[in-house]
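In what follows, a single structure is set out as structure tokens and then discussed.
The values are calculated or read from the model by the stated rules, or taken from the named source; none is laboratory data. As the structure is a prediction and not an experimental result, all values here were calculated from the model. We place every Cβ from the backbone using ideal geometry, glycine too, and count neighbours over all the protein chains shown. SASA here: full protein model, heavy atoms, side chains in, ligands and nucleic acids out. Shrake-Rupley method; radii C 1.70, N 1.55, O 1.52, S 1.80 Å.
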Amino acid sequence: MYVNPLPDVDPRLNDRYLQLIQEHMAALDPIASGLRALPRVAQAFASTQAAWRFFRNQRVTLPKLVQPLIDRAQQAIPDACDAYALVVHDWSLLHYNNHPSKRDRVELSNSQALGYELLTSLVVSDRDGAPLAPVCQQLRAQAGIYSTRSERVLAERSQLDMLGPVLGHIEELDLGKRLVHIIDAEADSVAHYRRWAAKGWRFLVRADEARRVLFEGQESLLSAVATTLQTRRSFRQARQVDYRGEKVQQWVAEAAVVLHRAAAPQRRGQKRVRVPGRPLPLRLVVSELRRADGTVLARWLLLTNVPAEVTAATVALWYYWRRRVESYFKLLKGSGQQLEHWQQETGLAVLKRLLVASMACVMVWEIARSEGPEADKLRQALVRLSGRQMKRGNRSTSPALLAGLWVLLAMLEILKQYDLEELRRLAERARPTRGPCNTS
């Protein structure tokens, strides 16, 4: 599978980059979260030393490491997306409480939680929600913000004030489709809605039920608008979806609302100041996940400026696909790369390695969504090599494909060093057999 090279670096560094990607195509264990070197002639320690030199090399910058991921997204979007490319933005806390060697850790949720804060912008398909590639990542450490959009460390600001430049950067990447930025409730901010809309950016954000809007000329809470839609029987059954391992029905209703009140941005350590602004018309899409007996398991109040040509049912489905970024974090953490056990000693080194590991994830996603008999055969082989059991109805998972891919690559390296007959002889010596029975 072809990997786009790093821009403006010598061939030796690109060869090392390719090797590092292959060494991240493995599902790791928390107690063995370092590089998993392929069985080459050189010792595994040599790979560790080479990786250390690669991540410390000043020519290997964050913008250069993210460029192959951006290239991958640009190549995938024309085939994987219809009218829009969805960009899911989310934050994840990387906990390193027991890593005192990481001296640039920051306080996370409380004084006892230390580590880094990661912001990821992941492109997913508007057709089926398939993850394509992360195109921007930022990590907050003591020195400030390490970002793939800058070679210098950026000054720390509030989450949403830092998110705006990320949206603008991604808008300028020429990804080939119109973009819709999907963000969870952290982005429910009137000031930022107005700012993004003024720039012509499309967004889809989960809003607080206590937010006040104009609805049919009257000021109302969003929760009250949702209740009115329920009373009017405006909800329509859209589709069946999975929710926490359960098959449920998604019901959707829509209303036109206006954000009319002054904004009051909240920034750490600063007094809130009311900022008047023009009324902003938006679509309110209410999505409910219900059991067959009508029990509501989840309700999302979604504000968007996506045009009416995109139905409310589609908007609700797009937000449902926001969970793809959480699956990506899971693949980086407990189900694959064991990110929170890495031994790199700085936030910058962690982010550099994360970008290499992300390329391994992207290649697994490409295998997962590939079509045709050969692709099916490859997935089946990788799952068998992984040795993992699949849940009923699932033919493969990303962690299983990742684990199987490393076994396949290791097999290919071994075949370069031994012929088949020699491998058979070695296997016979190692294979357990039944010993003689003692009947006395």
Item to check | All aspartates and glutamates inside 12 Å of K177 as judged from Cα atoms, apart from same-chain residues fewer than 8 positions distant | outcome: D79, D82, D126
Checklist entry - How large is ³J(HN,Hα), in whole Hz, for each residue of segment 68-79 in order, when computed from phi with the Karplus curve 6.51 cos²θ - 1.76 cosθ + 1.60 and θ = phi - 60°, using x for Gly and Pro? => result x, 5, 4, 4, 4, 5, 4, 6, 7, 4, x, 8
Item to check | For segment 383-394, Karplus couplings with θ = phi - 60° (6.51, -1.76, 1.60), whole Hz, Gly/Pro x | outcome: 5, 5, 5, 5, x, 9, 8, 9, 5, 4, x, 9
Next on the checklist: For the chain, set up a GNM with springs between Cα atoms under 10 Å and report which of T295, T304, T48 has the largest fluctuation.
Outcome noted: T295
Next on the checklist: Give me the tail of P(r) for segment 59-207 as a percent: Cα-Cα pairs with distance above 24 Å.
Outcome noted: 36 percent
Checklist outcome for this item: Quick calc: nm separation of the 7 Å Cα→Cβ label points for K247 and E422 -> 5.3 nm
Item to check | Per residue Cα convex hull volume in Å³ - calculated over segment 114-182 | outcome: 104 Å³
Checklist entry - Carbon and sulfur: what percent of segment 73-121's accessible surface (1.4 Å probe)? => result 43 percent
Next on the checklist: Using only DSSP helix segments of four residues or longer, with each worth -39500 (n - 2.57), what per-residue ellipticity at 222 nm results for the chain after dividing by its residue count and rounding to 500?
Outcome noted: -12000 deg cm²/dmol
Item to check | Of all accessible heavy-atom area on segment 192-267, the percent that carbon and sulfur account for (1.4 Å) | outcome: 42 percent
Checklist entry - Hey, what do the phi angles of segment 101-106 turn into as Karplus ³J(HN,Hα) couplings, whole Hz, using 6.51/-1.76/1.60 and θ = phi - 60°, x for Gly and Pro? => result 5, 7, 7, 9, 5, 10
Next on the checklist: Past 22 Å, Cα to Cα: identify those pairs from K102/K352; K330/K352; K199/K330; K247/K391, in the order given.
Outcome noted: K199/K330
Next on the checklist: I want the local charge near A113. Using Cβ-Cβ distances under 10 Å, sum +1 for each Lys or Arg and -1 for each Asp or Glu among the other residues.
Outcome noted: 0
Checklist entry - Fully extended, how many nm does the chain gain between A292 and V273 (0.36 nm per residue separation, minus their Cα-Cα distance)? => result 2.2 nm
Checklist entry - Quick one: accessible area per residue over the chain, 1.4 Å probe, rounded to a whole number of Å²? => result 51 Å²
Item to check | segment 249-337: projected area of the alpha-carbon convex hull, averaged over directions, in nm² | outcome: 9.6 nm²
Checklist outcome for this item: Here P(r) for the chain, Cα-Cα distances in 20 Å bins, as whole percents, is 22, 52, 22, 4, 0
Item to check | Principal-axis tilt of helix 398-417 within the chain, Cα atoms, nearest 10 degrees | outcome: 30 degrees
Checklist entry - Taking only Cα atoms, what is the 0 to 90° angle, nearest 10, from helix 420-430's long axis to the longest principal axis of the chain? => result 90 degrees
Checklist entry - By average Cβ neighbour count within 10 Å, what is the ranking of 154-165, 383-394 from highest down? => result 154-165, 383-394
Checklist entry - If you bin every alpha carbon distance in segment 193-278 into 5 Å steps from zero, what whole percent lands in each bin? => result 3, 11, 14, 19, 19, 14, 10, 7, 4, 0
Checklist entry - What is the gain in length, in nm to one decimal, between K391 and L173 on full extension, counting 0.36 nm per residue of separation less the C-alpha to C-alpha distance? => result 74.6 nm
Next on the checklist: How large is log10 of I(q)/I(0) for segment 280-395 at q = 0.09, 0.18, 0.23 Å⁻¹ when the intensity is taken from the Debye formula with one equal scatterer per alpha-carbon?
Outcome noted: -0.44, -1.07, -1.20
Checklist entry - Between R261 and R299, 0.36 nm times their residue separation minus their Cα-Cα distance comes to what? => result 11.3 nm
Checklist entry - Can you list the residues, at least 5 places off or on another chain, whose amide H is less than 5 Å from the amide H of A207, using H built in the peptide plane? => result L301, L302, L303
Item to check | Under 15 Å, Cβ to Cβ, from A253 - net charge with Lys/Arg +1 and Asp/Glu -1 | outcome: +3
